[in-house]
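The values are calculated or read from the model by the stated rules, or taken from the named source; none is laboratory data. What you see is a predicted model, and the numbers here were worked out from it, not measured in a lab. Cβ coordinates were reconstructed from backbone atoms using ideal geometry, including for glycine residues, and neighbour counts include every protein chain displayed. Each accessible area value is taken on the protein alone, full model and side chains, heavy atoms only, with ligands, DNA and RNA left out. Shrake-Rupley method; radii C 1.70, N 1.55, O 1.52, S 1.80 Å.
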Amino acid sequence: MKNSMRMIGALAFLGASGAQAFDLEAHRGGRALWPENTLPAFANALSLGVDTLELDLAVTKDGAIVVSHDSRLNPDIARDSNGAYVVPPGLPFVQLTLDDVKRYDVGQIRPGSKYATTFSDQRAIPGARIPTLAEVFALVRKSGNTSVRLNIETKINPNAPADTVSPEVFVARLLTLLREEAFVDRVVVQSFDWRTLQLVQKQAPQIPTVYLTQQQGADPNVRVDGATPWTAGFNPADHGGSVPRTIKAAGGQIWSPLFYDVTAVAVAEAHGLALTVVPWTVNTEEDMGRLIDMGVDGLISDRPDLLRKVAQAKGKTLPAPAAVTP
Ligand code: G3P
Ligand code: CA
């Protein structure tokens with residue numbers, strides 16, 4: 001019974017059929033291949049064939065929703081009209097209009113940076129701009145792919161409120177756009193800041209929410225023994241120290257843990273609660289295979305090309321390519 005509940009939840013999310021359903025997600029469009037969160041990256045992912053485009057959002061001073069992992073212009077990515085990379089820490093989007101944002105070139109990682117070393121095979125696309133979310137929707141429409149979904153992340157930090165709009169404004173702008181663009185039924189909304197997820201659940205209950213967790217590192221957003229500013233008042237200590245049980249209590253449908261945190265026991269517990277489990281961000285063949293063997297429902301990767309290969313070898317149904325150019 002528990003297993004069938006889990007599959008119903010997963011299939012509703014994936015829009016697929018059969019026991020081999022799997023959610024193959026291109027992280028930031030597949031940033032090991034093309035510049036992150038750009039239209040060329042999303043076009044490449046659609047052309048390869050993915051179930052879901054993963055992307056990050058910020059809101060500008062004039063209320064536009066743009067696709068950026070960082071709430072500020074990233075000094076390792078953004079170059080001004082003179083070709084100079086922005087000076088750290090970079091202006092926050094909330095201080096920039098959409099016209100300002102469109103002046104920056106995000107098509108090449110700053111040579112010599114740690115980021116450039118990490119993604120040394122990423123091809124440069126000089127002139128690539130920060131897209132709006134509406135431009136990504138237009139690209140998806142152009143591709144003709146009517147099944148691909150978008151896993152969209154509200155980038156907002158409870159410890160840096162001046163860098164972004166409030167959770168209420170962020171969600172209001174996002175839901176307005178999703179309704180205008182008729183994309184409400186093709187997205188899931190993810191966040192480390194669970195305040196926005198709570199608002200989405202109240203205001204648009206048909207949109208599945210994805211609870212991002214990171215239990216290790218210098219600044220974990222979830223601790224099993226206490227609340228943090230990230231979790232909207234929910235505290236694993238009130239739920240037996242269980243992260244999946246906490247997410248269930250918060251009303252989530254999908255758990256996206258840092259992949260290092262994942263254990264087979266935790267996946268089984270989440271499935272017993274009818275949660276879908278989609279870890280981030282998994283880039284090696286070995287880790288992909290290991291996590292699939294643990295029973296995860298999907299994976300988020302900077303290497304959607306490699307994930308297709310591993311998923312196929314594990315008997316998963318592959319999403320169809322939809323060739324498109326930006
Ligand atoms: O989808 C989860 C993943 O994107 C979270 O990490 O920092 O790349 O947004 P980050
Ligand atoms: Ca993200």
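Between L98 and A218, what's the calculated FRET efficiency when r is the beta-carbon distance and R0 is 45 Å? Round to 0.05.
E(calc), rounded to 0.05, equals 0.85.
Counting DSSP beta bridges with both partners in the chain, what percentage is antiparallel, nearest 5?
Bridges in the chain are about 25 percent antiparallel.
Of K61/K114; K202/K248; K102/K155; K155/K316, which ones are farther than 26 Å apart at the Cα?
Over 26 Å apart, Cα to Cα: K61/K114; K155/K316.
Connecting C-alpha atoms closer than 10 Å in a GNM of the chain, tell me which of L91, L307, L46 has the biggest fluctuation.
Among L91, L307, L46, the largest mean-square fluctuation in the Gaussian network model of the chain belongs to L91.
I'd like the per residue volume of the convex hull spanned by the Cα atoms of the stretch 79-198, given in cubic angstrom.
Roughly 151 Å³ of hull volume per residue.
Give the ranking of V87, V94, V169 by solvent-accessible surface, highest area first, calculated with a 1.4 Å probe.
V87, V169, V94
Among the aspartates and glutamates, which fall within straight-line cross-link reach of K142, defined as a Cα-Cα distance under 14 Å, with same-chain neighbours fewer than 8 residues apart omitted?
E181
Decide, for the stretch 34-143, between rounded, prolate and oblate: order the square roots of the alpha carbon gyration tensor eigenvalues as a ≥ b ≥ c, take rounded if a/c falls under 1.5, and otherwise choose prolate if a/b is larger than b/c, else oblate.
oblate
Once you list every other residue whose beta carbon is under 13 Å from the beta carbon of E168, what net charge do they have if Lys and Arg are +1 and Asp and Glu are -1?
+2
Mind listing the Cα extents of the stretch 143-252 along all three principal axes, in Å, largest one first?
46, 31, 25
Under 25 °C and 0.890 mPa s, how fast does the chain diffuse according to Stokes-Einstein, given a Kirkwood radius computed over C-alpha pairs? Answer in µm²/s, whole number.
The Stokes-Einstein estimate is 124 µm²/s.
With the alpha-carbon atoms as the only input, what is the per residue convex hull volume for the stretch 14-98 in Å³?
113 Å³
Any idea what % of Cα-Cα pairs in the stretch 184-320 are farther than 23 Å?
Of the Cα pairs, 34 percent sit more than 23 Å apart.
Using only the alpha-carbon atoms of the stretch 262-326, report the extent along each of the three principal axes, biggest first, to the nearest angstrom.
41, 24, 21
Please work out how much accessible surface H69 shows to a 1.4 Å probe, ignoring ligands, DNA and RNA, in Å² rounded to 10.
Probe radius 1.4 Å; accessible area of H69 about 50 Å².
Can you give the accessible area of R195 in Å² (nearest 10), computed on protein heavy atoms with a 1.4 Å probe?
Accessible surface of R195 is approximately 80 Å².
Considering only C-alpha atoms, what is the centroid distance from the stretch 151-181 to the stretch 19-89, in Å?
16 Å
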